[in-house]
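Heads up: the structure comes next, in C-alpha cells.
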Amino acid sequence: METTFDYLVVGGGSAGCALAGRLADSGSDSVAVLETGGHDHHVLVSTPAGCAAMLPRAGSHNYGYRTVPQPGLNGRRGYQPRGRGLGGSSSLNAMIYTRGTPSDYDGWATAGCDGWAWDDVLPLTCRTCARLIHLASALSRRPSRPAIAAMTISMAWIRKALAGTR
Ligand SMILES: Cc1cc2nc3c(=O)[nH]c(=O)nc-3n(C[C@H](O)[C@H](O)[C@H](O)COP(=O)(O)OP(=O)(O)OC[C@H]3O[C@@H](n4cnc5c(N)ncnc54)[C@H](O)[C@@H]3O)c2cc1C
C-alpha cells in the first residue's frame, strides 16, 4: 500500500512535535512524523525527577552520546545525554521552565538573529506561559501550588512588560 503525505517531519522531539502539530492544525494537510525511538509511555518520562534515573547511561530513552575529545577538557570526551523517542529530549529533561532576560534576546538580534529581539519573542513567551498555567490546572486535580504561583508571577511580569512598564 502506498501512502503519501503533504509533509514529512523527521524526528518527533520537541521541535518536530510542535511543527507537526502546527501543520496538522491547518486541517487541510496530511502530516507524517518519523521518529526513530519508541513511545514516551514510561513512568520515568512522566515523573518530574525521573530523568535522574535515565540520564547517567544510554538506554531506550537516552542516546547517551560521547563527544569527540575536547581540547578544552585536556583531550577528554564529554558526556551528552539526548532524548530518544516521542518528545525527544523533552522526555528526558528536567521540566524546568524559565524565560530569558530581555538583554539576552536583544543581544542575539544585534548579532544578526532577525526576529529574536525581546519585543519579537515577548508575545510568544506570554502565550507559552498562559498555556502552561492552563495545562497545569487541567492535568492535575491538585496542581502544585508553588508551580502555579511561579507561573502566575511570571504572567504578571509579562503583562507589565507588554504594557511597557518592565
Ligand atoms: C538532560 C537534559 C535536560 C534538559 N533539561 C531541560 C529543562 O529542564 N528545561 C528546558 O526547557 N530544556 C531542557 N533541556 C533542553 C531541551 O530538552 C532541548 O533543547 C529540546 O528538547 C531540543 O529539542 P529538539 O527538537 O531540537 O531535539 P530533540 O527533542 O532531542 O528531538 C530530536 C528527535 O529526533 C529523533 N531523531 C534523531 N535522528 C533521527 C532520524 N534519523 N530519524 C528519525 N528520528 C530521529 C530523536 O530520536 C529525537 O526524538 C534539556 C536537555 C537535556 C538533554
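The values are calculated or read from the model by the stated rules, or taken from the named source; none is laboratory data. From a predicted model like this one, the values you see are computed outputs, not experimental measurements. Using ideal geometry, Cβ is built from the backbone for each residue, glycine included, and neighbour counts are taken over all protein chains shown.
Residues LEU73, LEU23, LEU86: which one is surrounded by fewer than 16 Cβ atoms within 10 Å (Cβ to Cβ) and not hydroxyl-bearing (Ser, Thr, Tyr)?
Step by step, each of LEU73, LEU23, LEU86 is checked, and only LEU73 is surrounded by fewer than 16 Cβ atoms within 10 Å (Cβ to Cβ) and not hydroxyl-bearing (Ser, Thr, Tyr).
Which number in (1) among the charged types (D, E, K, R); (2) modelled with pLDDT of 90 or more; (3) more than 18 Å from the chain's Cα centre (by Cα) marks the one condition that GLU2 misses?
If we test GLU2 against (1) among the charged types (D, E, K, R); (2) modelled with pLDDT of 90 or more; (3) more than 18 Å from the chain's Cα centre (by Cα), just (2) comes out false.
Among (1) part of a loop (DSSP other than H, G, I, E, B); (2) without any contact (Cβ under 8 Å) to a residue 60 or more places away in the chain, there is one condition LEU86 misses while meeting the rest; what is its number?
LEU86 satisfies every listed condition except (2).
Take the residues of the range 6-62 that are part of a helix (DSSP H, G or I), touching a residue at least 24 places away in the same chain (Cβ under 8 Å) and not hydrophobic (A, V, I, L, M, F, W, C): which is nearest to the ligand (Cβ to nearest atom)?
SER14
Only one of these is modelled with pLDDT of 70 or more, in contact with a strand residue (DSSP E or B) (Cβ under 7 Å, 6 or more places away or on another chain) and more than 15 Å from the ligand (Cβ to nearest atom): ARG77, ARG84. Name it.
Sole residue among the options that is modelled with pLDDT of 70 or more, in contact with a strand residue (DSSP E or B) (Cβ under 7 Å, 6 or more places away or on another chain) and more than 15 Å from the ligand (Cβ to nearest atom): ARG77.
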